[in-house]
1. Only loop residues by DSSP count here, and only those with at most 15 other Cβ atoms within 10 Å; note down the trypsin sites (Lys or Arg not before Pro) in region 201-274 that meet that.
2. Please work out the C-alpha center-to-center distance from region 335-364 to region 196-267 and express it in whole Å.
3. Not counting the cut sites, what is the longest span of the chain without chymotrypsin sites (Phe, Trp or Tyr not before Pro) that DSSP labels loop and that have at most 12 other Cβ atoms within 10 Å?
4. Go ahead and set up a Gaussian network model of the chain, Cα springs under 10 Å, then flag whichever of T74, T200, T235 fluctuates most.
5. Roughly how many Å² of I264 are accessible to a 1.4 Å probe, to the nearest 10?
6. Which whole-Hz ³J(HN,Hα) couplings does region 257-272 yield from phi under the Karplus relation 6.51 cos²θ - 1.76 cosθ + 1.60, θ = phi - 60°, glycine and proline marked x?
7. Where does the charge balance sit around L106 when Lys and Arg score +1, Asp and Glu -1, over other residues with C-beta under 13 Å from its C-beta?
8. Could you list the GluC sites (Glu not before Pro) in region 140-237 that lie in coil according to DSSP, counting only those with at most 16 other Cβ atoms within 10 Å of their Cβ?
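The values are calculated or read from the model by the stated rules, or taken from the named source; none is laboratory data. Here the structure is a predicted model, which is why all the values come from computation and not from measurement. Because the Cβ atoms are built from the backbone with ideal geometry, glycine has one as well, and the counts that use them run over all protein chains shown. Areas reflect the complete protein model, heavy atoms only, side chains present, ligands, DNA and RNA absent. Shrake-Rupley method; radii C 1.70, N 1.55, O 1.52, S 1.80 Å.
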Amino acid sequence: MDDFIDRFGAERVWAATVATLVAVVALGAVIFPQRVYVEFIWQYFWGPVVADAHSWNCVAWAGGEQVPCTEAATDAGPTAEPGYTFVSYAGYIPTLVLLLIGIIFLVRRLEIERYRAGFFALFPFMLFGGALRVVEDANAAAYEYTGEMAIQLPWSGFIISPLIYFTVFFIALFAVVTSIWLERNDYVSGYEYPLAGIGTAVLTITIAYLAYTAATEPFSEFYPLIPLVVLVGATVATAITWFGLERYAPELNRGTRYMGIVVIWAHAVDGVANVIGLDWATTLGLPANLVPKHPINRAIANTTADVLPADVVSATGSAWPFLLVKLAAAVFVIWIFDETVFEDSPRYAVLLMITVVAVGLGPGTRDMLRATFGV
């Protein structure tokens, strides 16, 4: 295998692998539409997206009409529910691995330097991913209220998990390539400046759309106390955690340095947004508290409610341990990424740090903005 890769080159082998997989799946869907497309691609990958877009608990194939399971006949064919299955994980995980390998090849080919500057420049895109997902939440709210989507399928499917990750990735990729081109042609002194500018622009446009929807549509409202409390709470939690590390374990910060602050803040936003949204949204103006969308925070909230006395839970809520878990996880990541990691493989270290921040900030931004705009 090594001789084969050495002979043709790793990048060519990767490209041939991706092209072959795409061709096999596409050809199978054409030749065996029922078995490959309906019973595999639709049931495990596209069907869950359709159900999520309509806020349905279940969608049936129904000869291609794709209707709620409650309205489908008994012989309507395969059904799908929002979320992931073992089969979809088996498809998404290899796809993610191939994508990450492709990113590594791209970074090498572009000869990107100043990795830490790129990390900070990509920060707006991490906020953008969560904000873009709220656009689909607003789209689903529009469907529930009016029976019509503002953004129709299949386009809305590209801002639903997991496809939204690919959407944000390709937008960020376009921004990176454009920014590198501007730097190489001496239009800017550093690629990080236009990169951060593009990310800020798409984030601003997305939030402006959500604000416009809240101002003009009956299914969305604006609750300004939500982002204020979440952002202040996350910043305070980050400051306490960071200065505690600097005071009692400063060696933990030597690898990530100021990137560690971003890691802690990203996961603090996720933690505080869940605490506020799940337990205290009604006290800040929302008609009802949010329902947890992810199994981990749901499990933590349920366990807390089961373990602690009811009068304690009524006073403190049940989601607060999630914030502690997120802060502990952030500190653990900072500890893992020590000086030797950045000295030996700075490119890979920064790519993994970007992934760590995105994992916290994406869901956290979504939860915060869902509550902010009442969708």
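1. Working: sites: R247, R254, R257; in loops: R254, R257.
Loop-located and lightly packed - R254, R257.
2. 18
3. Values: sites that count: Y187, Y258.
Counting at most 12 other Cβ atoms within 10 Å as exposed, the longest clean stretch of the chain is 1-186.
4. In the Gaussian network model the winner is T74.
5. My reading of the accessible area for I264 is about 0 Å².
6. 6, 6, 5, x, 4, 5, 4, 5, 5, 4, 7, 5, 4, 4, x, 5
7. Details: positive: R108, R109, R347; negative: E11, E111.
My count for the surroundings of L106 gives +1.
8. Values: sites: E144, E148, E183, E192, E221; in loops: E148, E221.
Sparse-neighbourhood loop GluC sites (Glu not before Pro): E148, E221.
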